[in-house]
Amino acid sequence: VRLNVAYAEALKEIERRGEHPVLPDAFAVAKRLYERGLAGSALRILDRAPQRDGEWFALQGAILLRLGEAEAAHESYRAAVRMEPGNTAYRAGALEAAVRLRRQQTAFGRVARWARRMVRPAGPLRAK
C-alpha cells in the first residue's frame, strides 16, 4: 500500500511540473485503472505508454467510450482496426463507438450529453 501511495504521489508531482515521462508499464496500469472504473486516470496513464499498437488504440477507444467521447473513441478503434484488420474485437468496438456517436448526434442525444456534462465535473477531454 505504501508503494502505491508513493507511486501516486510521484505521478502527481510529475504532472504538477508539466512533465510527461514514458512509463514502461503504463499500458498495464491503465488497463487495471480502466477495469476498476477509473477511466480518467486510465487515459492519463495510457498516454505515457512507450508503444502505441492496435491494443493500445483499442484500450484508448474503450476508455474514451466510457467517458462518453464517442467520436474520439471511434477514431481510436479505427486506428486499431487499421493496424490489425482481422481483429473482430477492435471492429466490434469501432461499431459500438459509431452507434453511440450516431445516438449522440440526435437531438435527444445532444440534450442527454449536455445533461451529463452538467452533472459531472469537466475533465481534460471536456475543455473544448
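The values are calculated or read from the model by the stated rules, or taken from the named source; none is laboratory data. Quick caveat, the model's predicted, so the values are computed rather than measured. Counting neighbours? That spans all protein chains shown, and the Cβs are built from the backbone with ideal geometry, glycine included.
List of remarks:
- Scanning segment 15-51 for residues that are at pLDDT below 90 and part of a helix (DSSP H, G or I) turns up 15, 16, 17.
- Candidates 92, 112, 97, 107 - the one that is among the hydrophobic types (A, V, I, L, M, F, W, C) and within 18 Å of residue 43 (Cβ to Cβ): 97
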